[in-house]
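Below you'll find the structure, written out as structure tokens, and then a few comments.
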Amino acid sequence: MTVSVNHESIDILKSRNEAIDFHCKKGVRKMFKGIIFDLDGVICFTDMYHYKAWKQMADSIGVYFDETINNRLRGVSRMASLEIILERSEKTYTQEEKEALATKKNEIYVELLKQMSTADLSEEVKNTLDALRAKGCKLAIGSSSKNTKLILTQIGLRDYFDAISDGNNITHSKPDPEVFLKGAEFLGLDPKDCLVVEDAEAGIDAAVAGGFASAGIGEASKHPQVTYPINTFSDLLKIQ
Ligand code: BG6
Ligand code: MG
């Protein structure tokens, strides 16, 4: 018997099989009701702006700071980031002084964020979000940043998500799971029905601590406890 199959259907079958393999390797075959996305480094890239702002602040007090130290700040709250930078300082700062330094950095950072626009949202990210939503998934943000709404406004996603959990509604930052637990609560979902998408190790630690499955991109894909290591954002469509 001759079966005629065109290239397109072969491609569809191939990608379906890859998706199934993906699930089977992890021993998990389920659809998630909700997906909670980290913002910085997942939906868009603000690393360079954080770096420039921290560098300007550190230079102003004569403390050494470079991109390697900046990498340690990924997923970490503003005040915890400052503590990491001050590890290199000979001077001890009071709480009040630390708050002034963090405010100074944030003022520089917010000014830099004004350069962001809808051009900072890639087609891949937007198309993947739309496709996940079309599958019936609820979508939320789970970010440590207190500037989440500003960043979402800049990239044109201010009203896109079903819920936003960010640095303004938590008392404990990642690796504590609070930001994701609140995100699931805002969606009205149980953590076990949600997938967390992260680029930072602290974010995967937080997902694990909260009982969430996780998809890790970039450095987070190498985390020993990540559920789905992914290479690129659209790989999420192989999971869901
Ligand atoms: C996280 C970033 O999303 O937000 C961290 O990965 C940052 O680098 C943290 O320190 C807090 O951000 P913000 O905007 O509140 O200073
Ligand atoms: Mg991140």
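The values are calculated or read from the model by the stated rules, or taken from the named source; none is laboratory data. None of the values given here were measured: they were computed from a predicted structure. Note: ideal-geometry Cβ built from the backbone for every residue, glycine included; neighbour counts use all protein chains shown. Heads up: the accessible areas ignore ligands, DNA and RNA and are worked out on the full protein's heavy atoms, side chains in. Shrake-Rupley method; radii C 1.70, N 1.55, O 1.52, S 1.80 Å.
With (1) open to solvent by 30 Å² or more (accessible area, probe 1.4 Å); (2) in contact with a Phe, Trp or Tyr (Cβ under 6 Å, 6 or more places away or on another chain); (3) not basic (Lys, Arg) as the list, and Glu83 as the residue in question, which single condition is left unmet?
For Glu83, the exception is condition (2).
Please verify whether Arg72 is at pLDDT 95 or above, in contact with a helix residue (DSSP H, G or I) (Cβ under 7 Å, 6 or more places away or on another chain), within 18 Å of Lys174 (Cβ to Cβ) and not aromatic (Phe, Trp, Tyr), treating the condition exactly as stated.
Working: at pLDDT 95 or above: no; in contact with a helix residue (DSSP H, G or I) (Cβ under 7 Å, 6 or more places away or on another chain): yes; within 18 Å of Lys174 (Cβ to Cβ): yes; not aromatic (Phe, Trp, Tyr): yes.
Considered against the rule, which asks whether it is at pLDDT 95 or above, in contact with a helix residue (DSSP H, G or I) (Cβ under 7 Å, 6 or more places away or on another chain), within 18 Å of Lys174 (Cβ to Cβ) and not aromatic (Phe, Trp, Tyr), Arg72 comes out as no.
Could you figure out which of (1) open to solvent by less than 50 Å² (accessible area, probe 1.4 Å); (2) free of Cβ contacts under 8 Å to residues at least 24 places away in the same chain; (3) more than 13 Å from Ile36 (Cβ to Cβ) isn't true of Phe233?
Evaluating Phe233 over (1) open to solvent by less than 50 Å² (accessible area, probe 1.4 Å); (2) free of Cβ contacts under 8 Å to residues at least 24 places away in the same chain; (3) more than 13 Å from Ile36 (Cβ to Cβ) leaves (2) as the failure.
For the range 186-197, does any single residue satisfy the condition of being within 14 Å of the chain's Cα centre (by Cα), small (Gly, Ala, Ser) and at pLDDT 95 or above? It would help to see each step written out before you state the result.
In the first step, residues of the range 186-197 are kept if they are within 14 Å of the chain's Cα centre (by Cα); the result is 195-197.
With small (Gly, Ala, Ser) added as a condition, the list becomes none.
Within the range 186-197, none of the residues are within 14 Å of the chain's Cα centre (by Cα), small (Gly, Ala, Ser) and at pLDDT 95 or above.
Among the residues in the range 88-97, are any under 26 Å from Ala202 (Cβ atoms), within 15 Å of ligand 1 (Cβ to nearest atom) and out of contact with any Phe, Trp or Tyr (no Cβ under 8 Å at 6 or more places or on another chain)? Spell out the reasoning first.
Step one: list which residues in the range 88-97 are under 26 Å from Ala202 (Cβ atoms), which gives 88-89, 92-93, 95, 97.
With within 15 Å of ligand 1 (Cβ to nearest atom) added as a condition, the list becomes none.
Taking every residue of the range 88-97 in turn, none turns out to be under 26 Å from Ala202 (Cβ atoms), within 15 Å of ligand 1 (Cβ to nearest atom) and out of contact with any Phe, Trp or Tyr (no Cβ under 8 Å at 6 or more places or on another chain).
For the range 184-204, enumerate the residues that are open to solvent by less than 60 Å² (accessible area, probe 1.4 Å) and within 13 Å of ligand 2 (Cβ to nearest atom).
Passing the criteria: Val196, Val197, Glu198, Asp199, Ala200, Ala202, Gly203, Ile204.
Filter the range 169-183 for residues that are away from ligand 2 (no atom under 12 Å from the Cβ) and assigned to a helix (DSSP H, G or I) and give the result.
Glu178, Phe180, Leu181, Lys182, Gly183 - these are the residues of the range 169-183 that are away from ligand 2 (no atom under 12 Å from the Cβ) and assigned to a helix (DSSP H, G or I).
Would you point out the residue of the range 193-230, among those that are assigned to a strand (DSSP E or B) and touching a residue at least 60 places away in the same chain (Cβ under 8 Å), that is nearest to Asn71 (Cα to Cα)?
Ranking the candidates gives Glu198 first.
Across the range 128-148, what is the number of residues that are more than 26 Å from Arg78 (Cα to Cα), open to solvent by less than 30 Å² (accessible area, probe 1.4 Å) and in contact with a strand residue (DSSP E or B) (Cβ under 8 Å, 6 or more places away or on another chain)?
Total satisfying the criteria: 3.
Which one of these is open to solvent by 20 Å² or more (accessible area, probe 1.4 Å), within 18 Å of Asp199 (Cα to Cα) and either more than 12 Å from ligand 1 (Cβ to nearest atom) or not acidic (Asp, Glu) (or both): Val76, Val110, Val125?
From the options Val76, Val110, Val125, the qualifying one is Val76.
Is the range 151-168 home to any residue that is under 20 Å from Arg74 (Cα atoms) and surrounded by fewer than 19 Cβ atoms within 10 Å (Cβ to Cβ)?
Looking through the range 151-168, at least one residue is under 20 Å from Arg74 (Cα atoms) and surrounded by fewer than 19 Cβ atoms within 10 Å (Cβ to Cβ).
Out of the residues in the range 210-230 that are away from ligand 2 (no atom under 16 Å from the Cβ) and surrounded by fewer than 17 Cβ atoms within 10 Å (Cβ to Cβ), which is nearest to Leu139 (Cα to Cα)?
Looking at residues that are away from ligand 2 (no atom under 16 Å from the Cβ) and surrounded by fewer than 17 Cβ atoms within 10 Å (Cβ to Cβ), I get Gly211.
Mind listing whichever residues of the range 88-97 are surrounded by 10 or more Cβ atoms within 10 Å (Cβ to Cβ) and either in contact with a Cys (Cβ under 7 Å, 6 or more places away or on another chain) or of a type outside the set (Phe, Trp, Tyr) (or both)?
Arg88, Ser89, Glu97
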